[in-house]
1. For residues in the range 1-53 being assigned to a strand (DSSP E or B), in contact (Cβ under 8 Å) with a residue 40 or more places away in the chain and surrounded by fewer than 21 Cβ atoms within 10 Å (Cβ to Cβ), which is farthest from the chain's Cα centre (by Cα)?
2. Somewhere in the range 67-82, is a residue of a type in the set (Gly, Ala, Ser) and closer than 23 Å to ASN287 by Cβ?
3. Give ARG70, ARG52 a once-over and let me know the one that is over 20 Å from TRP20 (Cβ atoms) and charged (D, E, K, R).
4. When you scan the range 323-335, how many residues do you find that are surrounded by 19 or more Cβ atoms within 10 Å (Cβ to Cβ) and in a loop (DSSP other than H, G, I, E, B)?
5. What residue, of GLU183, GLU196, is in a loop (DSSP other than H, G, I, E, B), within 25 Å of the chain's Cα centre (by Cα), modelled with pLDDT under 95 and not aliphatic (A, V, I, L, M)?
6. Considering only residues of the range 228-278 that are aromatic (Phe, Trp, Tyr) and under 23 Å from ASP177 (Cβ atoms), which is nearest to the chain's Cα centre (by Cα)?
7. Considering (1) among the acidic types (Asp, Glu); (2) modelled with pLDDT under 95; (3) under 17 Å from ARG180 (Cα atoms), say which one GLU356 fails and leave the rest.
8. Quick one: count up the residues across the range 82-125 that are within 12 Å of ILE147 (Cα to Cα) and of a type in the set (Phe, Trp, Tyr).
Amino acid sequence: MRVVINALSARYGGGKTYIWNLLDNVEESEDCRISVLADPSLPLPVKSNIQRLSRHPETTNPFYRSMWERYHLPRLLKALHADVYFCPGGVLNVKVPSSCRSVVMFRNMLPFDSETRARYGFGYMKVRNILLESVLLKSMKHADLLICVSDYARGLIEKRLKDRAGTTVTIPHGVADCFRSSEAKRASHPRGIPQEDYLLYVSFLELYKNQLEVVRGYDILRRRRRTNEKLVLAGHCDTPYGLKVRREITKLGLENDVILTGTITYENLPELYRNAKINLFASTCENCPNIMLEAMAAGRPLLASKLDTMQEFGGDAVVYFDPQVPGDIADKIASVIDEEQLLRGLSERVRVKATEYHWKKTASLTMRAISQLAAGHVVDERGVA
């Protein structure tokens, strides 16, 4: 079986993480040859059955990449005798040869979240997501196999595409072993992180991640109790929304208590999670919350947004709050922060819950579904089973 994976859009963040972990956990077998279209900056595992394909030099530009995919990629798929064309980014911008099956993933929830979209004023982000919704729906409708990363996302798409002819499966992302802690044990503090206890929220600063509300909730908490714990916001912050967060921190006089780390390398994240007194995750728009799963695996107490997706993955191991109500964020933190026995129980529960998510399992289920599709067999729709 020859599989061609289009990873040209996986240039940072979750896209890069997904491609690396998927391929790193795929079995090395002569029966499955994988060719990957990828930017040179995207590292790929060294395996005998994985090959990086050369690509058109202008595909780094989205417009030229789209034109290349539409007019040149079909010939490449035919020349490679591809059995399956896999687009993890979700956009099927190519007419595949008749002998080739197509697979797309549904990972980007933002274009389909009308409430979150409405929070953006008219501008680039709003227009982009409106257009992307149409493109992604068309791609999912015509793909032979659609991989969803949560049951919540699958239910949403099945309502939107009731006449879809292809098969749909649910295959959640996994957690890399480097994040797992066999016990709630703290390591040495990462460089630049305070020696004091801290509350940690890992994510790039963006409107739907609700860092503003988290800062305001932290301020309410500090006014209720003597709070020695710092608040650490870890992630890319050089954004217009990041500037708003900085201004709010200054307005509230929290410059010495709220730490913006900027981008943290993937290698340093496990230690950062494990040292937190409490991990926070306040997003209002997620498909499969990778950051939340990593925080759970680290074995520290987790407080998260009460949205359906988060509850699907966190179950009863997580304490939930309304991410758009600072008072509720403060209430939930206050309900656990001084309860050592409760914190220990939450640590153990999230650690155990995280054992359900493994990249080996994700890779195995993904390749099984792709193999069934290529062979013309009925694809097992259970996915997560």
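The values are calculated or read from the model by the stated rules, or taken from the named source; none is laboratory data. On a predicted model such as this, the values are computed, not experimentally measured, just so you know. So basically every Cβ, Gly included, is an ideal-geometry build from the backbone, and we count neighbours across all protein chains shown.
1. Narrowing the range 1-53 to residues assigned to a strand (DSSP E or B): 2-7, 33-38, 50-53.
Still in the list and also in contact (Cβ under 8 Å) with a residue 40 or more places away in the chain: 2-7, 35, 53.
So of that shortlist, the ones also surrounded by fewer than 21 Cβ atoms within 10 Å (Cβ to Cβ) come out as 2, 35, 53.
Details: ARG2: 27, SER35: 23, LEU53: 25 Å.
Looking at the filtered set, the residue picked out is ARG2.
2. Taking the range 67-82 and keeping what is of a type in the set (Gly, Ala, Ser), we get 79, 82.
Still in the running and closer than 23 Å to ASN287 by Cβ: none.
No, every residue in the range 67-82 fails to be of a type in the set (Gly, Ala, Ser) and closer than 23 Å to ASN287 by Cβ.
3. Details: ARG52 fails: over 20 Å from TRP20 (Cβ atoms).
Selected residue: ARG70, the only one of ARG70, ARG52 that is over 20 Å from TRP20 (Cβ atoms) and charged (D, E, K, R).
4. If we filter the range 323-335 for residues that are surrounded by 19 or more Cβ atoms within 10 Å (Cβ to Cβ), which is where we start, we get 323, 326, 329-330, 332-333.
Keeping just the survivors that are in a loop (DSSP other than H, G, I, E, B) gives 323.
Residues in the range 323-335 being surrounded by 19 or more Cβ atoms within 10 Å (Cβ to Cβ) and in a loop (DSSP other than H, G, I, E, B): 1 in total.
5. Details: GLU196 fails: within 25 Å of the chain's Cα centre (by Cα).
Just one listed residue meets the conditions, GLU183.
6. Filtering the range 228-278 down to residues aromatic (Phe, Trp, Tyr) leaves 241, 266, 273.
Adding the requirement that they be under 23 Å from ASP177 (Cβ atoms) leaves 266, 273.
On the way: TYR266: 13, TYR273: 16 Å.
Restricting to residues being aromatic (Phe, Trp, Tyr) and under 23 Å from ASP177 (Cβ atoms), the top hit is TYR266.
7. Condition (2) is where GLU356 drops out.
8. Residues flagged as within 12 Å of ILE147 (Cα to Cα) and of a type in the set (Phe, Trp, Tyr) within the range 82-125 amount to 2.
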